[in-house]
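K.L.:
Can you keep this structure in mind? I'll have questions shortly.
The values are calculated or read from the model by the stated rules, or taken from the named source; none is laboratory data. Just so you know, these numbers come straight off a predicted model, no measurement behind them. All Cβ positions, glycine included, derive from the backbone under ideal geometry; neighbour counts span all protein chains shown. Protein only, heavy atoms only, side chains kept; ligands, DNA and RNA dropped before computing areas. Shrake-Rupley method; radii C 1.70, N 1.55, O 1.52, S 1.80 Å.
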Amino acid sequence: MTERTIFLAPQRCIGCRSCVIACRECDSHIGKAMLFIDYLNRSESMATAPALCMHCQDPVAPCAQVCPTQAILVSRDGVVQQANKERCIACRNCAYACPFGIPKIDLADRLQYKCNMCYDRVAVGKKPMCATVCPSGAIAFGTYEEIAAQNRGVPVNRFRFGNQMVQTGVYVMAPAGVEVFHIQQALKFAGGAEISAVPGIYKGEVWR
Amino acid sequence: MRRLEPSPTLVSLLVTGVLAALIFLGSRNLKNFDAALAGYAVATLFAVLGITYRFVQWLSRPPTALYWRRGWQMFFSWRNFRRFLGLIPWAFLDHLAVQNFIRERSYYRWAMHLTIFWGVVLSSLIVFPLVFGWFNFRLIGEDQYHLFVFGLPLFTFPLGSLFAFLLFHGLDIAALLVVAGVILALRRRYRDREVMAGQEFGFDLLPLLLLLAISITGLLLTASQLFWEGSYYWFLALVHQVVVIGTILYIPFGKLFHIIQRPASIGIELYYAVAGAAGHSACANCGREFAPELFVQDLKRTLSDLEQDYVMPAEDNRWWQDYCPECKRMLRATAYFMETQRGFL
């Protein structure tokens, strides 16, 4: 992974969507926002959470592995790039394989879009757009040591989805003692909670 | 489902052998074979070897193999044939001939790609049969040309006709189309910040420069013949040949391989039509139908082949992929808030 990476602290998210607007300004995907601000359980809480590509390291980029045309490439520094425009055939494998629900598919363009950590900016030492504008520190960009020193929490990059452990390039801030986020625990809690997340398929409608 | 894994070496040798045999047959035991074009023919055989090798290797990847098998299964089903009769021809027209998906991206890129595409298709249709000796012209009387294809007489046309002009200048027309498209493409590559952010010389610019070099040297050959009384013809022909051979040998390795991969999108169109008609999976959390049931099953199989296991034993052995992407994000965030509810970080 690049020495500097993204650190998410959803607890700090105030739902302002500055990141979504800024994301559209990135030169590598002008006009298209690659991250999501999701409401969690809107009838009971006003909590929101930013969701962007976690740049999976182990297994390395499941989206790229399930791609039939090798359209998703991982750069040497571990940044998972968005689909190659001439290769992507909009088969939607990546969108539904991604354990984090991140890639978007534009059915009219027949093209996948996803967060590439503003590769053009990061490669020249700048921060990604979202981390540049986030007013509350919910999305931060820096080295592990920098961020760990600024926070009470510990950066964690391991997630367990059933039997599958996924280690990511992007970290999430957790209380001391948490080493892995277990999704199954959340399932018991959520059981049929109201969803107000943004669908990942657009232009061509979400098909039924 | 057990899979037969064809060897890329065997298949590519076989395909190259078949093409060599067809060259032999089509040129009537090399009688109609143009020795001046022998370099092109040999290079084409090597390119076909490389392209087939890469193609078979590409098909052996688990996700590609699965779509490849499913695609043909669905294609060769009589039931599907009746139900989706128009789908394949339409997709062929929409995805390959007219390329509406590129128009959706931008009109500029649409014009750029269509000119390059049709220029290359037109030139390939003329060049390869000539190189292989499959087309052959014989003068009949003073002003009639007889076209032989595969050694069989096809039709006669007068030398001075518009048809003859278009046929003999087909490559010039193709070259002009390609030059127009490449200029549009190069302009974009030096102006558009989005492409400039990610482009690489070897992958993005080199193929454009190669196409430009082929077209320009090709046009100069015509110019030499028509206006310069054949000056520099030999030198130009040599340069043209070197660039063309370099380009076709480059196809398996770089950006141009998308020519071979792209038609797969027709298979995807059929796949979604057939799988979609058979029923959809409902998200295990919100209950919303989110993807064809067959697709979700196939995705699980692909993930298993890749040795990834998202089975959730505590949730009736459901897969994490049984949840829609929106619920995946929501549930992960919920997991986060459960871990962090003890205090603000």
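K.L.:
If R₀ is 60 angstrom, what is the calculated FRET efficiency for the pair residue B:90 and residue B:24, using the beta carbon separation as r and rounding to 0.05?
P.N.:
Working from the Cβ atoms, E equals 0.95.
K.L.:
Per residue, what accessible area does the stretch B:127-262 have, given a 1.4 Å probe and all protein chains present, in Å²?
P.N.:
55 Å²
K.L.:
Taking N as the number of residues in chain A, what is its Cα Rg relative to 2.2 N^0.38 Å?
P.N.:
0.98
K.L.:
With just the Cα atoms of the stretch B:186-345, tell me how far they stretch along each of the three principal axes, in Å, largest first.
P.N.:
Between the extreme Cα coordinates on each principal axis of the stretch B:186-345 lie 84, 46, 27 Å.
K.L.:
Rounded to two decimals, what is the ratio between the C-alpha radius of gyration of the stretch B:74-126 and 2.2 N^0.38 Å?
P.N.:
Compared with the compact-globule rule of thumb, the stretch B:74-126 sits at 1.47.
K.L.:
Next question. About the Cα centre of the protein assembly as shown, how large is the charge dipole given +1 on each Lys and Arg Cβ and -1 on each Asp and Glu Cβ? Please answer in debye to the nearest 20.
P.N.:
600 debye
K.L.:
Only bridges with both residues in the protein assembly as shown count here: give the DSSP antiparallel percent, nearest 5.
P.N.:
About 85 percent, rounded to the nearest 5.
K.L.:
Over the stretch A:28-98, what number does the Rg to Rh ratio reach, with both radii from the alpha-carbon atoms and Rh per Kirkwood?
P.N.:
Radius of gyration relative to Kirkwood radius: 1.05.
K.L.:
Here's another thing I want to ask about it. Starting at the first residue of the stretch A:170-185, write each ³J(HN,Hα) from the Karplus equation 6.51 cos²θ - 1.76 cosθ + 1.60 with θ = phi - 60°, in whole Hz, x for Gly and Pro.
P.N.:
These are the phi-based 3J(HN,Hα) values: 9, 9, 10, 6, 9, x, 4, x, 7, 10, 9, 8, 9, 6, 4, 4 Hz.
K.L.:
How long are the semi-axes of the ellipsoid equivalent to the stretch B:294-345, from square roots of 5 times the Cα gyration tensor eigenvalues, in whole Å, largest first?
P.N.:
Semi-axes (√(5λ), whole Å): 28, 12, 10.
K.L.:
Moving on. When Cβ neighbours within 10 Å are restricted to other protein chains, what is their mean count per residue of peptide A:101-110?
P.N.:
Average neighbour count from other chains, rounded to a whole number: 5.
K.L.:
Let me ask you something else. Which value in deg cm²/dmol, rounded to the nearest 500, describes the helix-derived mean residue ellipticity at 222 nm for the protein assembly as shown, given -39,500 (n - 2.57) per DSSP H run of n ≥ 4 and division by the residue count?
P.N.:
Theoretical 222 nm ellipticity from helices: -14000 deg cm²/dmol.
K.L.:
Net charge around residue B:182, counting only other residues with Cβ within less than 14 Å of its Cβ (Lys, Arg = +1; Asp, Glu = -1)?
P.N.:
Combined, the nearby Lys, Arg, Asp and Glu give +4.
K.L.:
Another question about this same structure. Which one of B:159, B:74, B:198 has its Cα pushed farthest toward the positive end of the charge dipole of the stretch B:8-265, where Lys and Arg give +1 and Asp and Glu give -1 at the Cβ?
P.N.:
Of B:159, B:74, B:198, it is B:74.
K.L.:
Same structure, new question: Starting from a Cα-only point model with no solvent, please compute log10 I(q)/I(0) by Debye for the protein assembly as shown at q = 0.12 1/Å.
P.N.:
-1.18
K.L.:
Among all the lysines, which ones have a C-alpha under 30 Å from residue A:85's C-alpha, if same-chain residues fewer than 8 places away are not counted?
P.N.:
Correct list for residue A:85: A:32, A:104, A:114, A:126, A:127, A:203, B:255, B:300, B:328.
K.L.:
Also: When the scattering of chain B is computed by the Debye formula from its Cα atoms alone, each counted once and equally, what is log10 I(q)/I(0) at q = 0.08, 0.09, 0.12, 0.15 Å⁻¹?
P.N.:
Log10 I(q)/I(0), no solvent term: -0.57, -0.70, -1.11, -1.46.
K.L.:
What's the average, rounded to a whole number, of partner chain beta-carbon atoms within 10 Å of each residue's beta-carbon in B:283-291?
P.N.:
Per residue, the average neighbour count from other chains is 4.
K.L.:
Given the Cα atoms of the stretch A:9-64, and with Rh set as the inverse mean 1/r over their pairs in the Kirkwood sense, what is Rg to Rh to two decimals?
P.N.:
Value, to two decimals: 1.05.
K.L.:
Tilt of helix B:107-131 relative to the longest C-alpha principal axis of chain B, in degrees (0 to 90, nearest 10)?
P.N.:
The angle comes out near 50 degrees.
K.L.:
Placing +1 on the Cβ of each Lys and Arg and -1 on the Cβ of each Asp and Glu in chain A, which of A:155, A:30, A:49 has its Cα farthest towards the positive end of the resulting dipole?
P.N.:
So the residue furthest toward the plus end is A:30.
K.L.:
Highest first, please rank the peptides A:113-120, B:92-99, A:24-31 by the mean number of other Cβ atoms sitting within 10 Å of their residues.
P.N.:
A:113-120, A:24-31, B:92-99
K.L.:
Related question: Would you mind putting B:330-337, B:45-52 in packing order, based on average other-beta-carbon counts within 10 Å, highest first?
P.N.:
Descending mean neighbour count gives B:330-337, B:45-52.
K.L.:
To the nearest 20 debye, what charge dipole does the stretch B:8-265 have about its Cα centre, counting +1 at the Cβ of each Lys and Arg and -1 at the Cβ of each Asp and Glu?
P.N.:
In total the dipole reaches around 1200 debye.
K.L.:
Percent of Cα-Cα pairs more than 17 Å apart in the stretch B:23-157, please.
P.N.:
76 percent
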